[in-house]
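Only one structure is covered here, and it is reproduced in the block below.
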Amino acid sequence: MNKEHTAVDILQALDMAVLRRIGPEEYRLLDNPPDFYGKFFPSSEAGPCNAPWEHSDMLQFFYETAEVFFTSGEIGIISSGSWEEEGLCEQNQALMADAVSFGGTQAIIVRLLTESYTRQLDILRKARTLLFERSVMVNDIERYKQRSRVDGLTKLLNKTSFMEQLEAGAVQANDMGEPLSLIMMDIDNFKQINDTYGHQTGDLVLSTLGKILLSNLRREDCVGRYGGEEFIVAIPGVPEEQLLQIAEKLRKKTAAYVFDPSLPVITVSVGCSVYRNGEGVEECIRRADTALYEAKHSGKNTVRLL
């Protein structure tokens, strides 16, 4: 008796269909498949379906994984786990696929799981549900954390988060003896923009300025919305001379940017300070804010350092 056919007969009795791999991405169904096979994977004029993955998204995914497994030349078996084929599986039914490689034979086995697997399937369903719920919960927590740290309009750090980052930067500056520079800027005549063009246009100016800052600063620089039309930037490792160059660059980039064709030129006044080892970050901010005040009262659209 042919050993291969004996094995096929046994597998068919167990509600298993065997698709032997005869080449890359090419399979042949061995002998007549069990009854369930035609229900899920319809035959064609050429005979029983030799590519059931064309009728099942889950099986298609497993088929691609199996091809990689077979191409590697490894010996063994990998399993898809069980799944329910939507619209076809009855209660307490599921499908499962295995990719088997031994000797010169490689095959995908598709089998129908019935009532004897009911308890296992229930456990799997519950496990999947719990895993999904946990994943949703973790994602919700992460989204909440992100929302609580970021200003919704400008997508920059909010004041609280910025202050936390600045405190950490000051500790590092003290420990490493490296400079930590601060820039505060305020949009000139912003109230007039809101009053003349409306708050929606004002919001456009704020959100666009946030993008300008992010695109003209380094990844390690910390950018935040300090409040209203005020923005604040912490720049580690940058001495006073370079700080003024960066501040001037940001001022020029803002003045040159066309926020909206209907708007006048948007400018910013800028105040700068360099953190002094041992001082509180509030004192550094106070000096930058005072410098900003001087810039405002020196004709605006200018940079001052204190």
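Details
- Residue check for residue 282: exposed (fewer than 14 other Cβ atoms within 10 Å of the Cβ), within 20 Å of residue 157 (Cα to Cα) and either modelled with pLDDT of 95 or more or of a type outside the set (Lys, Arg) (or both): yes
- Single condition residue 54 does not satisfy, out of (1) under 29 Å from the mean Cα position of the chain (by Cα); (2) surrounded by fewer than 13 Cβ atoms within 10 Å (Cβ to Cβ): (1)
- Given (1) within 15 Å of residue 189 (Cβ to Cβ); (2) of a type in the set (A, V, I, L, M, F, W, C); (3) buried (at least 17 other Cβ atoms within 10 Å of the Cβ); (4) within 37 Å of the chain's Cα centre (by Cα), index of the condition residue 295 fails: (4)
- Residue match in the stretch 254-266 (condition: more than 28 Å from residue 194 (Cα to Cα) and without any contact (Cβ under 8 Å) to a residue 24 or more places away in the chain): no
The values are calculated or read from the model by the stated rules, or taken from the named source; none is laboratory data. These figures come from a predicted structure and were not determined experimentally. So basically every Cβ, Gly included, is an ideal-geometry build from the backbone, and we count neighbours across all protein chains shown.
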